[in-house]
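Visitor: Below is the structure I would like to discuss, written out as structure tokens.
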Amino acid sequence: MLRTIGRRLLLLVPTLFGLTLLLFFWVRALPGGPAVALLGERATPERVAEINELYGFNEPLIAQYFTWLGQLLQGNFGVSIQTQRPVTEEFLRRFPATLELTMFAIVLAVGVGITIGYWAARRQGKPADHFAVFASLIGITIPVFFLGVILKWVFAVQLGWLPSDGRQDPRLDATHYTNFYVFDGIITGEWDAAWDAFLHLILPGIALATIPLAIITRITRASVLEVQNSDYVRTGMAKGISRGTIRGRFILRNSLLPVVTTIGLQFGLLLSGAILTESVFAYPGIGSFLSRAIFTRDYPVLQGFILFIAVIYAIINLAVDVSYSFIDPRVRVQ
Amino acid sequence: MTSAMLPPAPSGGPVDDTAVDDKELLAAKTRGGGFWRDVFRRLRRNPSAWVGGVIIGIFVLVAIFAPWLAPYGPEELPGQQYITPGHIPGPGEVAGFPLGLDRFGGDMLSKLIWGARASLVIGIVSTLVGLIGGMILGLIAATFGGWVDTLIMRFVDILLSVPSLLLAVSIAALMGQTPVAIMIAIGAAQVPIFARLLRASMLQQRSSDYVLSAATLGLGRGRITMSHVLPNAVGPVIVQATLSLATAVIEAAGLSYLGLGGGVPQTAEWGRMLTYAQLELAVNPWIAILPGICITVTALGFTLLGEALREAMDPRTRAR
């Protein structure tokens, strides 16, 4: 068990290593060189020479790479060109926002998705099932940003039920210890702040959750269908085991295996969907900062954030793989 | 195969009653025709295949015949005089603009039609990039094995270590603001999928009987790969290509929504139309709704067809 985890972590290292190589050479491969890319229209020959000196772009490539790698390993991911603050700091400031949103979306996706998937499978062939299948198909193909825009229009602009932007009403002077706004509101006892933060999570959360929700619904449904028609379920029923036990311990538990596997993948979808969703709702997480960094060619931010996200994604996948062996005893025996 | 294949008993005698009550199965057994005929036959019976096919057909036709179908050019702004700060005409309000105008004064109908063309081109090219790149990598990895295989798969893992949209976004961002950048970016994100697919398919085929017998007969490795293994691996690749087209359309829209892909604000691309539509939601929601529906329906068409194809090729449901 621990050996598997250790092995997987070890495998992670060359992958990340390769990623840094890729990122490094991407930036250097840009036309005109990285200095021109950094400066944009303001690139005059003198400024280019200055930047080259400052960032050491004139050194041989290998040397540059190892200097950069060394900095990375020391935790120095450079400074954002736009905000002039360390990339690490920018990431840590905004990550709780995205994490809060992502957790909300995952809870929604898993909770609702498994429920609907199970419900549809139990009513296979009936109109309810067809509707669920169709709805999940739409859920998969609808673009996140379109859904976000529609939600915003219906619930914020037209009905005014929910706020349309941001994380919190600026008029509420809320204290933030952990930067997880809902949590902060709860631990400081500022219930109105917590509630307000929660309201701000709803629309972007729904938009973000939709695709994973649809996928989880489909997988749950397919899995439950397969399990409920299997021999051991039939045997259980023949033996007279109560319906509740059959549903809970036989069907549900065994059909959850494939679902757990995809949750890790969904996390990746959520992280990438965050870019689009946060743009639509002006939600100040890493997604919106990243999209701004794209426009302003803020390369240190781009490189740093991508590496961070890759690490997080890999760790999540590893955690899911490990949990898989807890849930499925067959895997454990190996 | 069942006893429906046996000739009827010459006289009297017990007749096999496991009659094939399914006309289609009977046709399959008597006409045969091989894998593809079979797939096509099953596809024809699947309603979602039809729906998907029709949607794709319309989309492709609109895209190809855009210059003749669209009343105005892709970047024309014929309706500028009808735009006021608080009012943008919606569908049916102004004669000559059946679907209304956008915030710049462009005709929505024309924009949507030209957008179909842009989406089709980007979708096809990026899927091709992913397909060809992935197939080459998968082919090399599976054929040579050993350290070549490991190296290539490590590279694929690296590409997969970042969620695909993020990967596409970063590549497009670093490459510059051109449509070509988008196509390569989305394609690059698809490469690992195809590479893994082809490699797995080939490895699976490799241990199958017909390959072993071909090798016994003395066929060289290259020959075996080309004329035996590859054609059989094509099936899943086609399914994946169709599904990737759906993803490509959505991701392309997403990237142009973020502003990557160059062009001017009034460029006729569905994703780009949504970027600016956001600002006018209270004034005229149709500017946002129409392109969004186009993206969704198009992606839906490809998804339906792809899934129907997958079902038609699934060996478990085939060998009945």
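The values are calculated or read from the model by the stated rules, or taken from the named source; none is laboratory data. As the structure is a computational prediction, the values presented were derived from the model and not from experiment. Quick reminder, even Gly has a Cβ in these numbers, built from the backbone with ideal geometry, and neighbours come from all protein chains shown.
Visitor: Failed condition for B:P236, given (1) under 20 Å from A:L276 (Cβ atoms); (2) more than 14 Å from chain A (Cβ to nearest Cβ), with all others met?
Guide: Here B:P236 meets the rest and fails (1).
Visitor: Given the options A:G240, A:G236, A:G287, name the one that is buried (at least 22 other Cβ atoms within 10 Å of the Cβ) and either among the small types (G, A, S) or within 14 Å of another protein chain (Cβ to nearest Cβ) (or both).
Guide: None of the others qualify; the one that does is A:G287.
Visitor: Right, here's the next one. With the structure loaded, tell me whether A:V149 is closer than 22 Å to A:G113 by Cβ and either among the β-branched types (V, I, T) or crowded, with 21+ Cβ neighbours inside 10 Å (or both) or whether it fails that test.
Guide: For A:V149, the condition - closer than 22 Å to A:G113 by Cβ and either among the β-branched types (V, I, T) or crowded, with 21+ Cβ neighbours inside 10 Å (or both) - is not met.
Visitor: I'd like the residue in segment B:103-122 that is farther than 12 Å from B:V60 by Cα and assigned to a helix (DSSP H, G or I) and, out of all such residues, is nearest to the chain's Cα centre (by Cα).
Guide: Among those that are farther than 12 Å from B:V60 by Cα and assigned to a helix (DSSP H, G or I), it is B:I122.
Visitor: What number goes with the only condition from (1) more than 25 Å from A:I142 (Cβ to Cβ); (2) facing chain B (nearest Cβ under 9 Å); (3) touching a helix residue (DSSP H, G or I) at 6+ places or on another chain (Cβ under 6 Å); (4) surrounded by fewer than 24 Cβ atoms within 10 Å (Cβ to Cβ) that A:N254 does not pass?
Guide: A:N254 satisfies all of (1) more than 25 Å from A:I142 (Cβ to Cβ); (2) facing chain B (nearest Cβ under 9 Å); (3) touching a helix residue (DSSP H, G or I) at 6+ places or on another chain (Cβ under 6 Å); (4) surrounded by fewer than 24 Cβ atoms within 10 Å (Cβ to Cβ) except (2).
Visitor: Select from segment A:116-156 the residues that are outside any helix (DSSP H, G or I) and farther than 25 Å from A:Y283 by Cβ and list them in ascending order.
Guide: Within segment A:116-156, A:R123, A:Q124, A:G125, A:K126 meet the criteria.
Visitor: Still on this structure: Given the criteria closer than 22 Å to B:L128 by Cβ, modelled with pLDDT of 90 or more and either at the interface with chain A (Cβ under 9 Å from one of its Cβ atoms) or out of contact with any helix residue (DSSP H, G or I) (no Cβ under 9 Å at 6 or more places or on another chain) (or both), does B:A241 qualify?
Guide: On the way: closer than 22 Å to B:L128 by Cβ: yes; modelled with pLDDT of 90 or more: yes; either at the interface with chain A (Cβ under 9 Å from one of its Cβ atoms) or out of contact with any helix residue (DSSP H, G or I) (no Cβ under 9 Å at 6 or more places or on another chain) (or both): no.
Spelling it out, it is not the case that B:A241 is closer than 22 Å to B:L128 by Cβ, modelled with pLDDT of 90 or more and either at the interface with chain A (Cβ under 9 Å from one of its Cβ atoms) or out of contact with any helix residue (DSSP H, G or I) (no Cβ under 9 Å at 6 or more places or on another chain) (or both).
Visitor: Could you grab me the full set of residues in segment A:187-211 that are surrounded by fewer than 20 Cβ atoms within 10 Å (Cβ to Cβ) and over 23 Å from the mean Cα position of the chain (by Cα)?
Guide: Within segment A:187-211, A:I187, A:T188, A:G189, A:E190, A:W191, A:D192, A:W195 qualify.
Residue-wise test of (1) touching a residue at least 40 places away in the same chain (Cβ under 8 Å); (2) in contact with a Pro (Cβ under 8 Å, 6 or more places away or on another chain).
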site	(1), (2)
A:I114	yes, no
A:A120	yes, no
A:F134	no, no
A:V149	yes, no
A:V154	no, no
A:G160	no, no
A:R167	yes, yes
A:L208	yes, no
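Visitor: I need every pair where a residue in segment A:59-84 that is farther than 19 Å from A:A293 by Cβ has its Cβ under 7 Å from the Cβ of a residue that is β-branched (V, I, T) and not in a strand (DSSP E or B), sequence separation at least 6 or different chains.
Guide: A:L69/A:T20; A:G75/A:T88
Visitor: With a cut-off of at least 1 residues that are within 27 Å of B:D314 (Cα to Cα), name the helices (runs of 4 or more DSSP H) lying wholly within segment B:192-282.
Guide: It comes to B:209-217, B:221-224, B:230-257.
Visitor: To continue, here is another question. Of these, B:V94, B:V125, which one is of a type in the set (V, I, T), farther than 17 Å from B:F65 by Cα and assigned to a loop (DSSP other than H, G, I, E, B)?
Guide: B:V94
Visitor: Now for a different question. B:T150 versus (1) closer than 30 Å to A:P14 by Cβ; (2) crowded, with 17+ Cβ neighbours inside 10 Å: which is the lone unmet condition?
Guide: Unmet for B:T150, out of (1) closer than 30 Å to A:P14 by Cβ; (2) crowded, with 17+ Cβ neighbours inside 10 Å: (2).
Visitor: Also: Condition first: in contact (Cβ under 8 Å) with a residue 12 or more places away in the chain and among the hydroxyl-bearing types (S, T, Y). Now tell me which residues in segment A:233-257 satisfy that.
Guide: Listed by number, the list holds a single entry, A:S255.
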